[in-house]
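Chemist: Here it is: the structure, laid out below.
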Amino acid sequence: MPHPSPVQTTSLPHALWALMVGNVVIGTGVMMVPGALNDISRSLAISIPQAGQLITAAAILMGVGAPLFAGIVAGWDRRKLLTISLLWYGVMTGISALAPDYASLLPLRILTVIAPAIFTPQAAASVGLMVSPAQRGRAITFVFLGWSVASVMGMPLSAWIAGVSSWRWAFALVAVSSIVVAIWIWRVMPSGIRPAALTRRAWGQTLGSPTLMVTLSVTLTYSFGQFILFSYFAPYLNQTIGATSGTLALMFLWFGVFGLAGNLGLSRWVDRVGTARAVLITLGLIALSLLLWPLGRYGFWPQALIAVPWALGCFSSNSAQQARLVQEAPELAPATVALNTSAMYGGQAMGAALGGILIAHGHMLRLHQVSLVVMLTAMALSLWAARIQKRSYPSK
């Protein structure tokens, strides 16, 4: 397997920064649709549930595409692959910004999110070959930090731009940023990085493991539960507290700051409490917010305070799940992380679809109730997975 030359290795810190910022752009582009949902609905003269299908369709493609594309691009040089994927993201997002109607925007959105299905997992796989084993965990965590940064900066900025100008300008910002970062990655990324393809044996062991399958069902279920309501934050807050574009941007910023804090906090205490317990705690925090959610209708600050537990558990729950899967079967980590990505996006697609159906039937104010039931189911599945794990591997 090719390795970077000593000259190329000197640019490694710059490559990590470029990949992290690439995830910021990718994350912002994925999350800007929920933030701009109100404006998309208005400008294209479509209903909120119909606009929500942009989230559903994109999540389905990313969920199916993550493991599928991992096999297709197995032999590609990752410098070329990551550069091309970001260029694709930029060009397709730019074309989407010019879409005249919903019928044009939906297929363009589906084609655009081919890039996230490739970039984030392949960036993580590339980092593993660019640093020493002792630095690997920290380097991968740093690159994944881009998604948390996107939640703090990118998503609120996109929501604000969509509100004061148009969702088209928010798309244009992501398009330009993607092309700029693609050029940066091409300049600083080492050549010759080609992670090994996943073997059939690894896939067979993963799919045949009851412990891993139940654990992955936890990701599917809690992602499903969150996105029933999260996909429709913008119209929900507009209806309940009269949120303007500025208010929405502030709420997303607030949520993102606590989401980042939750991720940072998790990295400090996950080893002390154990990954299975960490997952249960983070899901319990989300469930607490959903239980108290109706109290947020009294104004911005009650809603913001009630959202804090959810934000703390939102991003950290997936980090804990990934750590849990790696701990349960380190040798199968490439397969389980790919499937965990699929489960996460699959759950998001299901949640956005069900949320849209509920809204179409006039149940906007009941989204949190359905979300809570699904979240409690995820917690029960997590307990079941831990019990299976203990029976299968009593020493762990």
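Chemist: When both residues are 6+ apart or on different chains and their Cβ atoms are under 8 Å apart, which pairs have a first residue that lies in the stretch 288-314 and is on the phi < 0 side of the Ramachandran plot and crowded, with 18+ Cβ neighbours inside 10 Å, and a second that is among the charged types (D, E, K, R) and assigned to a helix (DSSP H, G or I)?
Modeler: From the stretch 288-314, the pairs are Gln303/Arg297.
Chemist: Quick one: Leu157 ticks every box in (1) within 28 Å of Ser342 (Cβ to Cβ); (2) open to solvent by 10 Å² or more (accessible area, probe 1.4 Å) except a single one, so which number is it?
Modeler: (1)
Chemist: Can you pull out every residue in the stretch 242-276 that is open to solvent by 50 Å² or more (accessible area, probe 1.4 Å) and without any contact (Cβ under 8 Å) to a residue 24 or more places away in the chain?
Modeler: Matches in the stretch 242-276: Leu264, Arg268, Trp269, Asp271, Arg272.
Chemist: Can I ask one more? Within the stretch 118-130, is there a residue that is out of contact with any strand residue (DSSP E or B) (no Cβ under 6 Å at 6 or more places or on another chain), free of Cβ contacts under 8 Å to residues at least 12 places away in the same chain and surrounded by fewer than 18 Cβ atoms within 10 Å (Cβ to Cβ)?
Modeler: no
Chemist: Now for a different question. Return yes or no: is Ile46 at pLDDT 95 or above and in contact with a helix residue (DSSP H, G or I) (Cβ under 9 Å, 6 or more places away or on another chain)?
Modeler: yes
Chemist: Going through the stretch 96-135 one residue at a time, which ones are part of a helix (DSSP H, G or I) and small (Gly, Ala, Ser)?
Modeler: Across the stretch 96-135, the qualifying residues are Ser96, Ala97, Ala103, Ser104, Ala115, Ala117, Ala123, Ala124, Ala125, Ser126, Gly128, Ala134.
Chemist: Let me ask something else about it. Can you name the residue in the stretch 160-191 that is closer than 24 Å to Ser126 by Cβ and aromatic (Phe, Trp, Tyr) and is also most open to solvent (accessible area, probe 1.4 Å) among such residues?
Modeler: So, considering only residues that are closer than 24 Å to Ser126 by Cβ and aromatic (Phe, Trp, Tyr), the one most open to solvent (accessible area, probe 1.4 Å) is Trp186.
Chemist: Quick one: how many residues across the stretch 69-79 are surrounded by fewer than 18 Cβ atoms within 10 Å (Cβ to Cβ), in contact (Cβ under 8 Å) with a residue 12 or more places away in the chain and in a helix (DSSP H, G or I)?
Modeler: Of the residues in that region, 1 qualify.
Chemist: So Leu145 ticks every box in (1) more than 20 Å from the chain's Cα centre (by Cα); (2) under 29 Å from Lys80 (Cβ atoms); (3) touching a residue at least 60 places away in the same chain (Cβ under 8 Å); (4) surrounded by fewer than 24 Cβ atoms within 10 Å (Cβ to Cβ) but one. Which box is left unticked?
Modeler: Status for Leu145: all satisfied but (1).
Chemist: From the list Gly355, Gly362, exactly one residue is part of a helix (DSSP H, G or I), within 30 Å of Pro235 (Cα to Cα) and among the small types (Gly, Ala, Ser). Which is it?
Modeler: Gly355
Chemist: Another one. How many residues are under 25 Å from Ala117 (Cβ atoms) and open to solvent by 20 Å² or more (accessible area, probe 1.4 Å) when one looks only at the stretch 10-29?
Modeler: So the answer is 4.
Chemist: Only one residue in Gln322, Gln239, Gln226 is in contact (Cβ under 8 Å) with a residue 12 or more places away in the chain and more than 21 Å from Val374 (Cα to Cα). Which one?
Modeler: Gln239
Conditions tested, residue by residue: (1) surrounded by 20 or more Cβ atoms within 10 Å (Cβ to Cβ); (2) closer than 23 Å to Gly35 by Cα.
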residue: Gln321; (1), (2): yes, no
residue: Pro330; (1), (2): no, no
residue: Ala333; (1), (2): no, no
residue: Ser342; (1), (2): yes, yes
residue: Tyr345; (1), (2): yes, yes
residue: Gln348; (1), (2): yes, yes
residue: Ala353; (1), (2): yes, yes
residue: Leu365; (1), (2): no, yes
residue: Ser371; (1), (2): yes, yes
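The values are calculated or read from the model by the stated rules, or taken from the named source; none is laboratory data. Model, not experiment: these values are computed from the prediction. Please note: Cβ atoms are built from the backbone with ideal geometry, for glycine as well, and neighbour counts cover all protein chains shown. When the accessible area is computed, the model is the full protein with side chains, heavy atoms only, and any ligands, DNA or RNA have been set aside. Shrake-Rupley method; radii C 1.70, N 1.55, O 1.52, S 1.80 Å.
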